[in-house]
Amino acid sequence: MSVSKQDVFYVAHLARLRLNDEEAERLQGDLNDILGYMETLNELDTSNVEPLEHVIEQPAILRKDNPAEPLSHEDALKNAPDADSDYFRVPKVIE
């Protein structure tokens, strides 16, 4: 399977990217190289290889969950660029 220039433009359209012809040709070559490499990997016999989640086993290192006093209302609002008594003021995002 190979990627055509039209495929590159189609995927770019889905990703909302604007590409010129030179960029599309370069990406076409890159994608075809990736697919060629995947075909090479598909030729390998992996029947005796167990699936794994991570390449190396590492336990999850989590910090202790020590309870602490929360920020007071006043301290939280001190860092706000704009505040209105008890609330953060933010720009309107819904029209």
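Nothing in this text is a laboratory measurement; each read-out follows from the coordinates by a stated rule. Just so you know, these numbers come straight off a predicted model, no measurement behind them. A quick note on method: Cβ atoms are made from the backbone with ideal geometry, for glycine too, and the neighbour counts reach across all protein chains shown.
Values computed for the structure shown
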quantity: Label-point separation in nm, ARG89 to ASP33, each point 7 Å along Cα→Cβ; calculated: 5.4
quantity: For segment 80-89, Karplus couplings with θ = phi - 60° (6.51, -1.76, 1.60), whole Hz, Gly/Pro x; calculated: 6, x, 8, 9, 10, 6, 9, 10, 7, 9
quantity: Percentage relative contact order, the chain, counting C-alpha pairs under 8 Å, at least six apart; calculated: 17
quantity: Dimensionless Rg over Rh [segment 49-95; C-alpha; Kirkwood]; calculated: 1.36
quantity: Rounded tilt (10° steps) of 21-42 against the dominant C-alpha axis of the chain; calculated: 80
quantity: Low-density loop positions, GluC sites (Glu not before Pro), segment 1-72 - DSSP coil, at most 15 other Cβ in 10 Å; calculated: GLU43, GLU53, GLU57
quantity: Volume per residue of the C-alpha convex hull in the chain, rounded to whole Å³; calculated: 267
quantity: Computed [θ] at 222 nm, deg cm²/dmol, the chain (DSSP H ≥ 4; -39,500 (n - 2.57); rounded to nearest 500); calculated: -12500 deg cm²/dmol
quantity: Angle between the chain longest axis and helix 5-14 axis [Cα atoms, degrees, rounded to 10]; calculated: 20
quantity: FRET efficiency estimate (nearest 0.05) - Cβ-Cβ, SER2 to THR46, R0 22 angstrom; calculated: 0.35
quantity: Charge dipole (the chain, unit charges on Cβ, about Cα centre) - positive-most of VAL8, SER47, LEU77; calculated: LEU77
quantity: Two-site label geometry, ILE61 and ASP82: point separation in nm, points 7 Å out along Cα→Cβ; calculated: 4.3
